[in-house]
Amino acid sequence: MDISMIIFYCIAAFILTAALLAVTTAKIFRSTIWLLFSLIGIAALYYWMDVQFIAAVQTVVYVGGIVVLLIFSIFLTHKANDAMPRPPVMRRIWAGLASLFGIALVLHLVYHHSFATPAGAGLNGDVANIGTQLISTEKGGYALPFELASILLLASLIGCIVLAMRKGTANVNSVE
Amino acid sequence: MSQTPLIQILFLSVGLFFIGMYGLFTRRNVITILMSIELILNSVNINFIAFNKYVYPHQLEGLFFTIFIITIAAAEAAVTIAIIINLFRSHHSVDIEDANELKW
């Protein structure tokens, strides 16, 4: 076992522990902070796998965007130190059993499947390469999904504004 | 040991996926359910990157799928939080058991 695998096991243990605490902690704010640590661990895993661009995107969008949004919504809807009621014991037992069964099934399938892993040339995850193929219009290019994603983002932006508008004051079309 | 660590990464992502499923089963608060969904999406992203890196190293398809999944997750989180704030305004609670008007 070499040093890079030891680093991998450390990162994996960190991710799984933080994720487990994020779904079991009773206080909602602590749960968000554990989720934040788990997402940072996943960014570290991307660095370990040598895909720096994805790691940067993960850090910026998840850690800097989604977690901050979650914290905002928690402060708008909860008192910071509120503890959520614990789920009933029976529900926890059945959920745990279902999850363990799923883990066992999928691990069995993955373990007995042999993946053809070609040796030699590694992944060329240069930002220049990624950018060229992302907006290329030739075969294998991703220009159309890229534009569709921008339309989706615009639609969600407008949708958020419409949804979060207070009724009666800004909604011109309301009948009341 | 020169073997690629693909199988260990897959084990990690399976664990992460089912931790997210456990949260989805047990939690009854909309914000924590959203957090479980983020964990599940992240486990899928890890799978895409691992398969791209170790099984198809001469292509970049998995990276693009990951980038688009992250984009869609961000849009989804923004819309969900708008819905949560609206729900809190009308029901004074973000518990899914309290929002049962559409339940048959």
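The values are calculated or read from the model by the stated rules, or taken from the named source; none is laboratory data. The model shown is predicted, which means the values in this text are computed figures rather than measured ones. Note that each Cβ is placed from the backbone with ideal geometry, even for glycine, and that neighbours are counted across all protein chains shown. Side chains included, ligands, DNA and RNA excluded: accessible areas come from the protein's heavy atoms. Shrake-Rupley method; radii C 1.70, N 1.55, O 1.52, S 1.80 Å.
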Selection over segment A:63-77 where residues are buried (at least 21 other Cβ atoms within 10 Å of the Cβ) and either more than 17 Å from the chain's Cα centre (by Cα) or polar (S, T, N, Q) (or both) yields a count of 3
Counting only residues in segment B:1-31 that are within 7 Å of another protein chain (Cβ to nearest Cβ) and of a type in the set (S, T, N, Q), the one farthest from A:Met1 (Cα to Cα) is identified as B:Asn29
Scanning segment A:18-44 for residues that are facing chain B (nearest Cβ under 10 Å) and of a type in the set (Val, Ile, Thr) gives A:Val23, A:Thr24, A:Thr25, A:Ile28, A:Thr32, A:Ile42
Exercise. Taking A:Ile71, is it more than 7 Å from chain B (Cβ to nearest Cβ) and either in contact with a helix residue (DSSP H, G or I) (Cβ under 9 Å, 6 or more places away or on another chain) or farther than 30 Å from A:Cys160 by Cα (or both)?
Worked result: yes
Problem - Test: residue in segment A:105-113 that is surrounded by 11 or more Cβ atoms within 10 Å (Cβ to Cβ), in a loop (DSSP other than H, G, I, E, B) and without any contact (Cβ under 8 Å) to a residue 24 or more places away in the chain - result: no
Query raised in the report: Can you spot a residue in segment B:27-46 that is open to solvent by less than 40 Å² (accessible area, probe 1.4 Å), among the basic types (Lys, Arg) and more than 26 Å from B:Thr4 (Cα to Cα)?
Result: yes
Taking segment B:58-101 and keeping only residues that are β-branched (Val, Ile, Thr), over 20 Å from B:Val44 (Cβ atoms) and assigned to a helix (DSSP H, G or I), one is left with B:Ile81, B:Ile83, B:Ile84, B:Ile85
Regarding A:Val57, is this residue under 24 Å from B:Leu24 (Cα atoms) and without any contact (Cβ under 8 Å) to a residue 40 or more places away in the chain? no
